[in-house]
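**Student:** Following this message is one structure expressed as structure tokens.
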Amino acid sequence: MPDRFPISTEKSPNAIMEVILRLKIKDAMVTKVITADRNATMRDIQNLMKDNKISGVPVLDSCRLIGMVSVNDIIHALDKGHIEEPAIDHMTKSLVVLEDDMPLSFAISYFDKYSYRRFPVIDKNRKFTGMLSSRDVLSVMLQELNKEIKELEEKIVNERDELPNQIARDFFIKKFDFENAGKSSFELKKLLKEKNVSSAVIRRASVASYELEINIAIHSEGGRIVYLVDDEKIEIIANDTGPGIENVDRVVEEGYSTANEWIRSLGFGAGMGIPNTKRVSDEFEITSEIGKGTSVKSVIYLEKKNESE
Amino acid sequence: MKVNELASKLGYEILTREHNDADIKDGYTSDLLSDVMGNASEESILITIQGHKNTLAVASQLDFPAVLICNNRTAALDMLETAEKLKIAVLRTKDNQFVSSYKVYCEIKG
């Protein structure tokens, strides 16, 4: 096995990043776990390990995790003659734990950071809920990647249906990923510059692509932005997977925003995103369904009589 | 006016280790990124208190040569790293946005 987990939480392809951010630790962890209570002796735990062929036992005080006994702890107890003594005196008490709501990417970085083979998992009330091993992570990843790759393959087939002379670019935008926000707009701008599109049109396309990209990151559960460029027009299509907009008419009003305080503190949520996009677009469409998602399409023509420079 | 000339005239701290000493053609003062995106003219200096990476996403879209952080606010480390990659200068002053806007205006338009 390689030293590091074979998936990077920074440089992996988008599809992998999506999966490890979407999956929660609770989706991968094992919940049927052999545990010992606070009165168990080291001998009891040694027997539990032997009978169940396991190498680590969490020790619980009612539902709370108070320690772990590993094979090493047992060997140590045997060596020092502590095997009949309460486990509570000889278990490992300073534990690195994961929370069940964390994305799987956390677990992957933990496996890289620490040499442990498994981590106990607690919930937000600090109640013990399961164990997570690297094997559990790999197994759930393989299942998800199977699904993901199938979807990607279907998409490739669809893309072949595109028109000749059309350039298509496709980006995944993750929820609250302000680290990468703006990257797809940057790519679009580069592409348009290479195509010698007029700077006024590039400016408008930049506004639309940036605003739509940021909107997905701020307001949705994540989504995709697609750029279709041909000799006539730029199409920007932003789709997200929810939660959907209750009143679509209001978001086209300047100043209407549902962004929370910390989003606003980053300079977003001015309620100008959709109005800005609409203003720079020659054609603009927004549709949304609660629970399903929102779809925005902005079309900008490369040449327009009244706007030529 | 070039970035370095403006910084030295107004005594601004230059936080980035490298940048293009490009021409500043105009200026825009705002802390709302959509407002900047929608209304600022290209090749402007952005006067703001938003000392984080997202400011640079907007700055690079609009070919801003420089961002001026007011009120001596901290600029996030990843903001400076990104700025250096994009060769955009990040400047800092103790002045607020109002005072900064006046001073910068006098230099580049006066």
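The values are calculated or read from the model by the stated rules, or taken from the named source; none is laboratory data. Quantities reported herein were computed from a predicted structural model and do not represent experimental measurements. Note that we place each Cβ from the backbone using ideal geometry, even for glycine, and neighbour counts take in every protein chain shown. Protein only, heavy atoms only, side chains kept; ligands, DNA and RNA dropped before computing areas. Shrake-Rupley method; radii C 1.70, N 1.55, O 1.52, S 1.80 Å.
**Student:** Using every alpha carbon pair in segment A:52-169, what percent of pairs falls into each 10 Å bin from 0 up to the bin containing the largest distance?
**Tutor:** Going out from 0 Å in 10 Å bins, segment A:52-169 shows 11, 30, 25, 14, 9, 7, 4, 1 percent.
**Student:** Between helix A:71-80 and chain A, what is the angle of the helix's C-alpha long axis to the longest principal axis, kept within 0 to 90° and rounded to the nearest 10?
**Tutor:** That works out to roughly 30 degrees.
**Student:** Please list the non-local residues whose amide H lies under 5 Å from the amide H of A:Glu85, H modeled 1.01 Å from N, same-chain partners needing a gap of 5 or more.
**Tutor:** A:Met42, A:Arg43
**Student:** Taking 7 Å along the Cα-to-C-beta vector as the label spot, tell me the A:Tyr116-A:Gln143 distance in nanometres, rounded to one decimal.
**Tutor:** 2.3 nm
**Student:** For a quick check: with amide H placed at 1.01 Å from N, whose amide H comes under 5 Å from B:Ile24's, ignoring anything fewer than 5 positions away on the same chain?
**Tutor:** B:Lys2, B:Val3
**Student:** Here is a follow-up. Report for chain B the percent antiparallel among DSSP-assigned beta bridges with both residues inside it, nearest 5.
**Tutor:** 20 percent
**Student:** Any number yet on Rg/Rh for chain A, C-alpha, Kirkwood?
**Tutor:** Expressed as Rg/Rh, it is 1.14.
**Student:** What whole-number value in Å² describes the accessible area per residue of segment A:152-281 for a 1.4 Å probe?
**Tutor:** 48 Å²
**Student:** Pick out which of A:Ile83, A:Ile122, A:Ile237 has the largest mean-square fluctuation in a Gaussian network model of chain A, springs linking Cα atoms closer than 10 Å.
**Tutor:** Fluctuation is largest for A:Ile83.
**Student:** Follow-up question, since we're still on this one. Taking a ≥ b ≥ c as the square roots of the eigenvalues of the Cα gyration tensor of segment A:217-256, is the shape rounded (a/c under 1.5), prolate (a/b larger than b/c) or oblate?
**Tutor:** Oblate shape, in that a/c is at least 1.5 and b/c is the bigger or equal ratio.
**Student:** Hey, another quick one. 5 Å is the cut-off here: which amide hydrogens, built 1.01 Å from N in the peptide plane, fall below it relative to B:Leu68, excluding neighbours closer than 5 in sequence?
**Tutor:** Long-range HN contacts for B:Leu68: B:Leu46, B:Ile47, B:Thr48, B:Leu91.
**Student:** Starting from the Cα gyration tensor of segment A:123-200, take the square roots of the eigenvalues, sort them a ≥ b ≥ c, and report rounded, prolate or oblate (rounded when a/c is under 1.5, otherwise prolate if a/b is larger than b/c, else oblate).
**Tutor:** It is oblate, given that a/c is not under 1.5 and a/b is not larger than b/c.
**Student:** Rounded to the nearest 0.05, what FRET efficiency do A:Asp37 and A:Thr258 have when you use their Cβ-Cβ distance and R0 = 56 Å?
**Tutor:** 0.75
**Student:** Helix A:183-194 against the longest principal axis of chain A: what's the angle in degrees, Cα atoms only, rounded to the nearest 10?
**Tutor:** Rounded to the nearest ten degrees, it is 40.
**Student:** What is the calculated FRET efficiency for A:Lys53 to A:Lys155, with r their C-beta to C-beta distance and R₀ = 51 Å, to the nearest 0.05?
**Tutor:** E(calc), rounded to 0.05, equals 0.70.
**Student:** Express in nm, to one decimal, how much length is gained between A:Ser199 and A:Glu99 on full extension, taking 0.36 nm for each residue of separation and deducting their alpha carbon distance.
**Tutor:** Between A:Ser199 and A:Glu99, full extension yields 31.1 nm more.
**Student:** Right, another one. Based on the alpha-carbon set only, what is the convex hull volume of segment B:3-109 divided per residue, in Å³?
**Tutor:** Once divided by residue count, the hull of segment B:3-109 is 79 Å³.
**Student:** Moving to a separate point now. In whole Å, how far is the Cα centre of segment B:1-47 from that of segment A:243-298?
**Tutor:** 28 Å
**Student:** Separate question: In terms of the ratio Rg/(2.2 N^0.38 Å) built on C-alpha atoms, what value belongs to segment A:102-143?
**Tutor:** Taking N as the residue count of segment A:102-143, the ratio is 1.15.
**Student:** So how tilted is helix A:42-52 from the main axis of chain A? Cα-based, degrees 0 to 90, rounded to 10.
**Tutor:** Tilt relative to chain A: about 60 degrees.
**Student:** Could I have the simple spin-label model distance between A:Cys63 and A:Lys124, label points 7 Å from Cα toward Cβ, reported in nm to one decimal?
**Tutor:** With each label placed 7 Å out from Cα toward Cβ, I get 1.4 nm.
**Student:** Students sometimes get this wrong: rank A:Met49, B:Met1 by accessible area, probe 1.4 Å, all chains present, largest first.
**Tutor:** Result of the area sort, largest leading: B:Met1, A:Met49.
**Student:** What is the extension gain from B:Lys85 to B:Glu43, computed as 0.36 nm multiplied by their sequence separation minus the C-alpha to C-alpha distance, in nm to one decimal?
**Tutor:** Answer, rounded to one decimal: 13.4 nm.
**Student:** Measuring from centroid to centroid over Cα atoms, what is the spacing of segment A:34-71 and segment A:107-122 in Å?
**Tutor:** First find each Cα centre; the distance between them is then 19 Å.
**Student:** When the helix-only estimate is applied to the protein assembly as shown (DSSP H runs of n ≥ 4, each -39,500 (n - 2.57), divided by the residue count), what is the mean residue ellipticity at 222 nm, nearest 500 deg cm²/dmol?
**Tutor:** -12000 deg cm²/dmol
**Student:** Given R₀ = 30 Å, what would the calculated FRET efficiency be for A:Glu179 paired with B:Lys9, taking r from the Cβ atoms and rounding to 0.05?
**Tutor:** E between A:Glu179 and B:Lys9, to the nearest 0.05, is 0.30.
**Student:** Evaluate the distance, in nm, between pseudo-label points positioned 7 Å from the Cα of B:Thr74 and of A:Asp249 along their respective Cα→Cβ axes.
**Tutor:** Going by the 7 Å Cα→Cβ label model, 4.6 nm.
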